[in-house]
Amino acid sequence: MIEFIDVTLTYPNGTKALDGLSFKIERGEFVYLTGRSGAGKSSIMKLLMREENLTSGQIFVDSVEISGLARREIPYLRRSLGMVYQDFKLLPKTTVFDNVAFAMQVVGAGGKAIRKRVPEVLDQVRLSNKARCDISELSGGEQQRVSIARALVNRPTVILADEPTGNLDRIVAMDIMDTLESINKSGTTILMATHAAEIVNARPKRLLVVDDGKLTRDEEGGLYNLDE
Ligand code: ADP
């Protein structure tokens, strides 16, 4: 569950990136976050990860008000939010298995747990047969599926996907959507920031549109106009 209540974010240079934003996403939803460049989408993601601190308002993740978290509690917040990026952010010259395993090592998981869990998530993204391949041997779509496996491996309640199909052609993008939808069906909430009108309109879901730091639309099954 994610809830923003009257959230304002003003950056130190005076830019008001978010201006009184309120919305609630229930557990198990798949929601698109759209809006033109500079509208505030990345700022929403950064606030959720506590990479930025809000100026006023409240943000809840799984019923915890995150601006009150102490520094030592932030890793637990980040573990409950799996991030997927447009440019994958994978470790080069490293195998698929080790890329995913690394996300478990950094949170202190042991070898036995890693050997059990990594194959499970690679199976979920249909990459079991590529586990020993180097990242450079994979297509763009396969690399994005590795990054989805990495986001999932510590069992987050939410996946935050920031333009996950931005570097992929249409057919591969639809395959990534299939993967995200199957993960969503198994219970993980997904918030996906995107500009890709052709994806939003081919697979309508709840649509949030931000403009100038304000929510301008919140529509179940809404279609997206490129000029928004
Ligand atoms: P989007 O992801 O929708 O493109 P952003 O959240 O990146 O939008 O940006 C929202 C507004 O905040 C824009 O006006 C942008 O220039 C500004 N902004 C983003 N990051 C910073 C920052 N670190 N410092 C100052 N202004 C910023």
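Kindly establish whether Gly20 is part of a strand (DSSP E or B) and at positive phi. Step through it out loud before you land on a result.
Values: part of a strand (DSSP E or B): yes; at positive phi: yes.
Yes; evaluated as a whole, the condition is true for this residue.
Scanning the stretch 12-22 for residues that are touching a residue at least 24 places away in the same chain (Cβ under 8 Å) and within 6 Å of the ligand (Cβ to nearest atom) yields a single hit, Ala17. May I ask you to verify whether Leu69 is within 19 Å of the chain's Cα centre (by Cα) and of a type outside the set (Ser, Thr, Tyr)? Here the answer is no, as Leu69 does not meet what is asked. Looking across the stretch 195-213 at every residue that is at pLDDT below 95 and part of a loop (DSSP other than H, G, I, E, B), the one that is farthest from Met45 (Cα to Cα) is identified as Ala196. Considering Leu122, Leu152, Leu127, Leu168, the condition of being touching a Gly at 6+ places or on another chain (Cβ under 7 Å) and within 16 Å of Ala101 (Cβ to Cβ) is satisfied by Leu152 alone. Inside the stretch 51-72, residues that are closer than 26 Å to Val118 by Cα and either open to solvent by less than 30 Å² (accessible area, probe 1.4 Å) or among the aliphatic types (A, V, I, L, M) (or both) make up a count of 1.
In the stretch 195-209, the residues that are under 20 Å from Lys24 (Cα atoms) form Cβ pairs under 9 Å with partners that are of a type in the set (Lys, Arg) and at pLDDT 95 or above, at six or more places apart or across chains, as follows: Leu207/Arg217; Leu208/Arg217; Val209/Arg217.
A single entry from Ile190, Ile176, Ile159 fulfils the requirement of being in a helix (DSSP H, G or I), open to solvent by less than 60 Å² (accessible area, probe 1.4 Å), of a type in the set (A, V, I, L, M, F, W, C) and in contact with a helix residue (DSSP H, G or I) (Cβ under 7 Å, 6 or more places away or on another chain): Ile176. If you go through the stretch 33-44 and pick out every residue that is under 12 Å from Ala17 (Cα atoms) and either more than 9 Å from the ligand (Cβ to nearest atom) or outside any loop (DSSP other than H, G, I, E, B) (or both), you end up with 4.
What residue, among those in the stretch 118-139 that are in contact (Cβ under 8 Å) with a residue 40 or more places away in the chain, assigned to a helix (DSSP H, G or I) and over 27 Å from Arg27 (Cα atoms), is least open to solvent (accessible area, probe 1.4 Å)?
Among residues in the stretch 118-139 that are in contact (Cβ under 8 Å) with a residue 40 or more places away in the chain, assigned to a helix (DSSP H, G or I) and over 27 Å from Arg27 (Cα atoms), the one least open to solvent (accessible area, probe 1.4 Å) is Ile135.
Has the stretch 91-109 got any residue that is under 26 Å from His195 (Cβ atoms) and among the hydroxyl-bearing types (Ser, Thr, Tyr)? Talk me through it step by step, then tell me what you get.
Going through the stretch 91-109, the residues under 26 Å from His195 (Cβ atoms) turn out to be none.
Checking the stretch 91-109: not a single residue is under 26 Å from His195 (Cβ atoms) and among the hydroxyl-bearing types (Ser, Thr, Tyr).
Looking for whichever is open to solvent by 30 Å² or more (accessible area, probe 1.4 Å) and not in a loop (DSSP other than H, G, I, E, B) here; the options are Pro12, Pro75. Which one fits?
On the way: Pro12 fails: not in a loop (DSSP other than H, G, I, E, B).
Unique residue meeting the criteria: Pro75.
Kindly check whether there is at least one residue in the stretch 51-61 that is farther than 21 Å from Arg206 by Cα and within 11 Å of the ligand (Cβ to nearest atom). Yes.
The values are calculated or read from the model by the stated rules, or taken from the named source; none is laboratory data. Just so it is clear, the model here is predicted, and its values are computed rather than measured. Please note: Cβ atoms are built from the backbone with ideal geometry, for glycine as well, and neighbour counts cover all protein chains shown. SASA here: full protein model, heavy atoms, side chains in, ligands and nucleic acids out. Shrake-Rupley method; radii C 1.70, N 1.55, O 1.52, S 1.80 Å.
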